[in-house]
Every structure is written in C-alpha cells, then in structure tokens.
Amino acid sequence: MPLANLQEYWSRNIARYIPFYSDTFTRDRFSQIFWILHLKTMSTRNTNPTTRLQRVSCFLDYINSKFLDYFIPDEHICVDESTIKFKGRISFITYNPKKPTKWGIRVYTLADSKIGYICCILPYYGSLTTELLVRPDLPVSSRIPIYLYTMLLENIPCAQRHHIYTDRYYTSYVLAQELAKLKCNITGTILTNRKELPMEIIKLNFSKKTTVAYQRDITLLLGWKDKRIVTCLTTRGDTRMSTVKRITRGGVEIMVKKPNIVLNYIKYMGGVDRADQYASTYCVLRKLLK
C-alpha cells in the first residue's frame, strides 16, 4: 500500500482511510519506535570478527521466527538473492554491476512464488555465513537452499511436497537429490559445467529449434533452443510442450511452442523480485538521535 508519507497511513480521509494501522497502535507510538530503533552496541574491547553478527542477530532471528506465524506459503516457493541498497562502510558489502541495485547488503531469501511473501532470510556476512549453513560436505550454492528450506520445515513441521524454483547459481543434480530426501521438488535453469551431468547435455549443438531431454532416476534434464540454448533441471515435470503467444519487435503476434518446464519456471521464479518491488515503495530513511 504505497502512500506519499508515513503519516498518510493514519489519515482519516475517507479516500485514504486504512483501519489496520490505527487499530494496531497510534501514529505517535509508531513514530517513536521508528525514530529510536537501533542495533545493539558492542564493547570496543571485543575484536572477534563474529561481532558483525551479534549486532543484528537477535533482531533478525526474531524476524525470522515471526515470518511464518502469519502466513503459510503455497506449494510453489522460490529461492533467490535480494540486495538491500547501501553504500556505507561495512566489511560485507557486495557489488554487482549487472544488478539494478549495484551496491548493497546481500540477503538470500525464500519467498512464496505467487504473492512474494518472504518466508525465510539468510543475510550474507562474507565467509562467516558458511559457518551457519548445514551440510559442510556440499557446495555453498547447494547449502543455501537446503538451509532456507530446513528453516521452513522447522516452523511448519507438517509441510512437505513443496516445489522450489532456483536459478542457475543454485541448481545442481546434488541439490535435487538432497531436496528429494526432504520430500521437496525442484525446477530451475542449470549451468552445463555442473557435476553429474551427461556429456550430451554439456555439448549441446542445436541447428534448429528443438528439444533434447535425459532422464536419470527422478531427475529430468532438458535442453531447449529458442533464441539461445536453455538448460533446465526438474524433479517434477515432463517434456510436453505448450503453444503460447509472442509479440515480436514489430508488434506482430506469433504462436510458438515452449516446454511446460520453462513456462512454469517463468511463472513461479519471480517471487523474490516481487517482494523487492513491494519494498522499494517504502522509504526507510529516519531522523537520527545520536
């Protein structure tokens, strides 16, 4: 519900009145909390590098514990990284020139695919982040989705048969096998240099629009070429195609065939991006009291 400023959420104007906020607490009380909110101050004598976690760990742990108290995600969930814009001086700031938000704090996020509700988060603190993750015998790119999904299962013990969507940074055959043990399916694009992939997928050479698929246990690898080669891995899907409409650059509508795996990936992978879009409408700047 993006409005012009914070005070508008308590407006009594008939066109802008939202009873939820005024029924929860008063505007002055919210402004007071918003004004004096700060992180825990650590002793300067402590030079342990884990102090960067101790400053915010209690706050973030509380946030994580409350996410699933008010919402249970649907069957389709997705894992992606979110960047909180920040240009201050911290040791774990990240820079990615290919992202819209180039400088910021990276947060690995598990969200509901349909509405973008965030279920679990894992902030990136540099090398200290890997110490928090489960399964040290696996690659970091596989440990992150497993860690986030394990947090989901701890809060919702009866949850199972979720379908998780990941991009090519996380997707691997090893991750698919580990999630299958947790009764979770996976679909995602995959890099062809991942381990355990057949040589036919690694050296794909299409001369025209076509599809190639390979089955291994419950895992299906699919290579499809439209404008470029797209390689996908899934544990819940088949090689069937669907006809969809495409609008070319000249505004002409054409009908093309796409694999259902690719269509589902496009449909359900944008949950974290949708959450970032919602969050961008809110201003986090505050008056400071030092």
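The values are calculated or read from the model by the stated rules, or taken from the named source; none is laboratory data. Source: prediction; values computed, not measured. FYI the Cβ positions are ideal-geometry reconstructions off the backbone, even for glycines, and counts take in every protein chain you see. What goes into the accessible areas is simple: the full protein's heavy atoms, side chains included, and nothing from ligands, DNA or RNA. Shrake-Rupley method; radii C 1.70, N 1.55, O 1.52, S 1.80 Å.
Brief remarks on what is shown
- Tensor-based shape of the range 238-285 (alpha-carbon gyration tensor, a/c under 1.5 rounded, otherwise prolate or oblate): oblate
- Cα gyration tensor shape of the range 82-217, rounded if a/c is under 1.5, else prolate or oblate by comparing a/b with b/c: oblate
- Between ALA279 and THR94, the simple spin-label model (points 7 angstrom out along Cα→Cβ) gives 1.1 nm.
- Applying 1/(1 + (r/R0)^6) with R0 = 35 Å to the Cβ-Cβ distance of GLU154 and ASN13 gives a FRET efficiency near 0.20.
- Cα gyration tensor category, rounded, prolate or oblate, for the range 72-126 with a/c compared to 1.5: prolate
- Surface calculation, 1.4 Å probe, protein heavy atoms: LEU3 sits at approximately 60 Å² accessible.
- Calculated FRET efficiency, MET1 to TYR214, Cβ-Cβ distance, R0 = 51 Å: about 0.60 to the nearest 0.05.
- Trypsin sites (Lys or Arg not before Pro) restricted to the range 62-144 and DSSP loop, no more than 15 other C-beta within 10 Å: LYS87, ARG89, LYS98, LYS102
- Per residue, the solvent-accessible area of the range 62-146 (1.4 Å probe, heavy atoms of protein chains only, all protein chains present) comes to 53 Å².
- Sparse packing (at most 10 other Cβ atoms within 10 Å of the Cβ) combined with a DSSP loop state is found for the following trypsin sites (Lys or Arg not before Pro) in the range 207-249: LYS208, LYS227, ARG228, ARG240, ARG249.
- Label-point gap, in nm, between ILE63 and LYS245 - each point 7 angstrom along Cα→Cβ: 4.1
- Accessible surface of the chain [probe 1.4 Å, protein heavy atoms]: carbon and sulfur percent: 55
- With helices as the sole contributors, the chain gives -8500 deg cm²/dmol at 222 nm; each DSSP H run of n ≥ 4 counts as -39500 (n - 2.57), and the sum is divided by every residue.
- Within the assembled protein chains, the solvent-accessible surface assigned to SER65 is about 50 Å², based on a 1.4 Å probe.
- Among the listed pairs LYS181/LYS258; LYS98/LYS267; LYS195/LYS227; LYS85/LYS258, those whose Cα-Cα separation exceeds 32 Å are LYS85/LYS258.
- Label-point gap, in nm, between GLU196 and GLU131 - each point 7 angstrom along Cα→Cβ: 2.9
- For the chain, the membrane-span-like helix rule (DSSP H, alpha carbon extent of at least 18 Å along the helix axis, mean Kyte-Doolittle at least 0.5) picks out 140-155; this says nothing about an actual membrane.
- Counting DSSP beta bridges with both ends in the chain, the antiparallel % (nearest 5): 85
- Fraction of beta bridges assigned by DSSP in the range 139-290 that are antiparallel (%, nearest 5): 85
- Alpha-carbon centroids, the range 96-172 and the range 175-222: separation in whole Å: 21
- Amide H to amide H distances under 5 Å link ILE186 with ILE164, THR235, ARG236, where only residues 5 or more positions off or on other chains count and H is placed in the peptide plane.
- Calculated FRET efficiency for the pair HIS38/GLU253, C-beta based, R₀ 45 Å, to 0.05: 0.25
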